[in-house]
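Reviewing the structure listed below.
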Amino acid sequence: QVQLVESGGGLVQAGGSLRLSCAASGRTLGSYGMGWFRQAPGKEREFVTTINWSGSSTYYADSVKGRFTISRDNAKNTVYLQMNSLKPEDTAVYYCARARDISNSRRFSDYDYWGQGTQVTVSS
């Protein structure tokens, strides 16, 4: 069993930055791709970014490209999401998830473990 715990969310003004962390327990993350997704009130959960097992490959949603950076530290069993130049439309609950294999993916169905989420609120 794998437990994923997100942290680092909070309230920030537009233009500010936050760094989210996703710590895993129970199993190492080193052999799996990881992803971040988000869900705003009244909207469906959407893909944000993903990274493969080694960190050599990443993908970003167009809406966050150039502002967000995903990274990982397999020795610490942790994945990070650095969010810069935040906008009010980035307000959402952010979830990390573990992929079913080493690769990265934008599809929900390719992830089998999810964290409980952390709230990010960006004020204008």
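Counting only residues that are outside any strand (DSSP E or B) and of a type in the set (Val, Ile, Thr), how many does the range 1-40 have?
So in the range 1-40, the residues outside any strand (DSSP E or B) come out as 1-2, 8-9, 14-17, 26-33, 40.
Now drop any that are not of a type in the set (Val, Ile, Thr), which leaves 2, 28.
Number of matching residues: 2.
Does the range 74-95 hold any residues that are within 13 Å of the chain's Cα centre (by Cα) and either open to solvent by 50 Å² or more (accessible area, probe 1.4 Å) or modelled with pLDDT under 95 (or both), and which are they? I'd like the intermediate steps shown before the answer.
Quick first cut of the range 74-95, residues within 13 Å of the chain's Cα centre (by Cα) only: 78-83, 90, 92-95.
The one that is within 13 Å of the chain's Cα centre (by Cα) and either open to solvent by 50 Å² or more (accessible area, probe 1.4 Å) or modelled with pLDDT under 95 (or both): GLN82.
Could you list all residues from the range 100-113 that are farther than 13 Å from PHE47 by Cα and either crowded, with 17+ Cβ neighbours inside 10 Å or of a type outside the set (Gly, Ala, Ser) (or both)? Before you say what the answer is, go through the steps one by one.
First pass over the range 100-113, keeping only residues farther than 13 Å from PHE47 by Cα: 100-103, 112-113.
Correct list: ARG100, ASP101, ILE102, ASP112, TYR113.
Of all residues in the range 114-124, which are open to solvent by 50 Å² or more (accessible area, probe 1.4 Å) and outside any strand (DSSP E or B)?
GLN116, SER124
Please go through (1) modelled with pLDDT of 95 or more; (2) open to solvent by less than 60 Å² (accessible area, probe 1.4 Å) for TYR32 and return the number of the only condition it doesn't satisfy.
Of (1) modelled with pLDDT of 95 or more; (2) open to solvent by less than 60 Å² (accessible area, probe 1.4 Å), only one is false for TYR32: (1).
Return the pairs, sorted by first residue and then second, in which the second residue is in a loop (DSSP other than H, G, I, E, B) and hydroxyl-bearing (Ser, Thr, Tyr), the first residue lies in the range 42-68 and is under 12 Å from MET83 (Cβ atoms), the beta carbons are less than 6 Å apart, and the residues are 6+ apart or on different chains.
ARG67/SER85
Tell me, which residue of the range 1-17 that is modelled with pLDDT of 95 or more and open to solvent by less than 30 Å² (accessible area, probe 1.4 Å) is nearest to the chain's Cα centre (by Cα)?
My answer is GLU6.
Can you name every residue in the range 16-64 that is out of contact with any Phe, Trp or Tyr (no Cβ under 9 Å at 6 or more places or on another chain), within 27 Å of SER123 (Cα to Cα) and of a type outside the set (A, V, I, L, M, F, W, C)?
If the condition is that a residue be out of contact with any Phe, Trp or Tyr (no Cβ under 9 Å at 6 or more places or on another chain), within 27 Å of SER123 (Cα to Cα) and of a type outside the set (A, V, I, L, M, F, W, C), then GLY16, SER17, PRO41, GLY42, LYS43, GLU44, ASP62, SER63 are the ones that fit.
Does TYR59 qualify as being part of a strand (DSSP E or B), in contact with a Ser or Thr (Cβ under 7 Å, 6 or more places away or on another chain) and over 23 Å from LEU11 (Cβ atoms)?
yes
Checking the condition of a type in the set (Asp, Glu) and in contact with a strand residue (DSSP E or B) (Cβ under 6 Å, 6 or more places away or on another chain), which residue from ASP110, ASP101, ASP73 passes?
From the options ASP110, ASP101, ASP73, the qualifying one is ASP110.
Go through the range 59-73 and report how many residues are crowded, with 16+ Cβ neighbours inside 10 Å and under 18 Å from LEU29 (Cβ atoms).
Total satisfying the criteria: 4.
The values are calculated or read from the model by the stated rules, or taken from the named source; none is laboratory data. Being a predicted model, the structure only gives us computed values, none of them experimental. As a convention, Cβ positions derive from the backbone with ideal geometry for all residues, glycine included, and neighbour counts pool all protein chains shown. Side chains included, ligands, DNA and RNA excluded: accessible areas come from the protein's heavy atoms. Shrake-Rupley method; radii C 1.70, N 1.55, O 1.52, S 1.80 Å.
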